Amino acid sequence: SNIGVKYLWKVDDKSELRVGAQYTQIEFHDPFPDAETFSPNRVRYPIVDFSLDRRWSENFYTEIAGYWSNPRLNNTETFAEICKTPAGCIDPTTGKTTPFGDATGKSVPFPNKGFGKDSKVGGFRELGLNFRNTLSLPNIGEVVAGVQVVSYKNDSDPVFPISNKANTITGVYADFRPVIPFSPDTKLSLALRTDFADSFGSRTIWKFGFRQPIGAFYIRGNGGTSYSLPRTNELYAESPTLIGNPDLKTEETETYNGGIGFSQSFGNVQVNAEVGAFHTDVTNRIQTTSGLTPNTYFNNDRITEIRGLTAELDVRVGKGFSFNVNYTKQKARLDGTNLQINETPEYMIGGNLRWSSPDDRVSVTLFPRYQGPEYATGGVNNSLRNNFGNYFLLNG
């Protein structure tokens, strides 16, 4: 269920204020067949946001935007009760004996994830504020610069061992989009951002992008760096089988990708095509141990190298028919090894096929996808490895 309100006040012909408020509640089930047998869950998600913008001139624009949100989750997860008595387990109500190692037919809730009052709330409160300015100079370029502040604080039940200290990140950013005098159709962008926080001091990331049209063809490329802080559960999880690691380092990523494409109309047929490649390195990738009791999270001190190729073809015939096919092939491995990392398919083939009646009253769309080899690896020294890929899906 969802309810919300929006308010717009046009202060004058150059300024306007927008305010919105929304409350969403979702009831859903998400059992996972490898662990959980029954998982009714409830999410409550209130959010309030606002924006105030002002156009000072044709070339200069300012926007202030902010939000408050407080999502909270009641999670119910149960696992199958297994007979652990070598002689078998006798059900006192029926007299039936369950053999050692078999499921008894009963479900047992995970700690703090039971029913009713035994389902403890997990959640957080987040505040954000963004002050952004845009300067546009004809035939010279555009600059977007500003300051963003985001504050995060735990709002979970005290049974969860999570710090209630607020974490605040302040970011200063700028994005430069110059116009090249001798090639005005060339699109260039270079963005820089520095974040400051008590938890990690400061970090600077950068991104770039370009696109060069050449007749019906184009060349594009982009790349940059990013970082990902450890998640709360990775730091503070506490259960009989998994504990958090408060000493986790920040995960860092450097990535580049590029492509050559084609876009052309042939009468009422529009054809778009592209081939590309990508190159990504992940440092301090956060993983879980396997085969230990309990397991925990750790930073892999080897670089995760992800290399791949992409291809895509999109065809539209008039207004009534279109199809798309796309292909991704990737190698995702630790440096110096040939073992594909977990849950990263070696290749994927996807697409869609759409038909609409001339009056647009009836339409049918199919979404086929084939997933190549994809592995789950575990145990001591990766002794357990299973390919759960090589499957086909069709949605419509």
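Every read-out reported here was derived from the displayed coordinates using simple, explicitly stated rules and does not represent laboratory data. Note that the structure is a prediction, hence the values are computed from the model and not measured. With ideal geometry, Cβ positions are generated from the backbone for all residues, glycine too; neighbour counts draw on all protein chains shown.
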Worksheet item: Does PHE100 satisfy the condition of being of a type in the set (Phe, Trp, Tyr) and free of Cβ contacts under 8 Å to residues at least 24 places away in the same chain?
Response: yes
Item to complete: Assess whether ARG193 counts as being buried (at least 16 other Cβ atoms within 10 Å of the Cβ) and either out of contact with any Pro (no Cβ under 6 Å at 6 or more places or on another chain) or in contact (Cβ under 8 Å) with a residue 40 or more places away in the chain (or both).
Response: yes
Worksheet item: What do you reckon, is SER202 within 30 Å of THR134 (Cβ to Cβ), touching an Asp or Glu at 6+ places or on another chain (Cβ under 9 Å) and surrounded by fewer than 16 Cβ atoms within 10 Å (Cβ to Cβ)?
Response: yes
Worksheet item: Based on what the data block shows, is THR241 touching a residue at least 40 places away in the same chain (Cβ under 8 Å), surrounded by fewer than 14 Cβ atoms within 10 Å (Cβ to Cβ) and out of contact with any strand residue (DSSP E or B) (no Cβ under 6 Å at 6 or more places or on another chain)?
Response: yes
Response to the item:
Wholly inside segment 260-321, strands (runs of 3 or more DSSP E) that include 1 or more residues that are in contact with a helix residue (DSSP H, G or I) (Cβ under 7 Å, 6 or more places away or on another chain) are 286-288, 295-299
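So that you can scan it fast, the table gives a plain yes or no per residue for (1) out of contact with any helix residue (DSSP H, G or I) (no Cβ under 7 Å at 6 or more places or on another chain); (2) assigned to a strand (DSSP E or B); (3) under 27 Å from TYR218 (Cα atoms):
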residue	(1), (2), (3)
ASN130	yes, yes, no
VAL149	yes, yes, no
LYS165	yes, no, no
THR170	yes, yes, no
ASP185	yes, no, yes
Worksheet, complete the sentence: Within segment 342-364, of all residues that are exposed (fewer than 13 other Cβ atoms within 10 Å of the Cβ) and not aliphatic (A, V, I, L, M), the one nearest to ASN386 (Cα to Cα) is GLU343
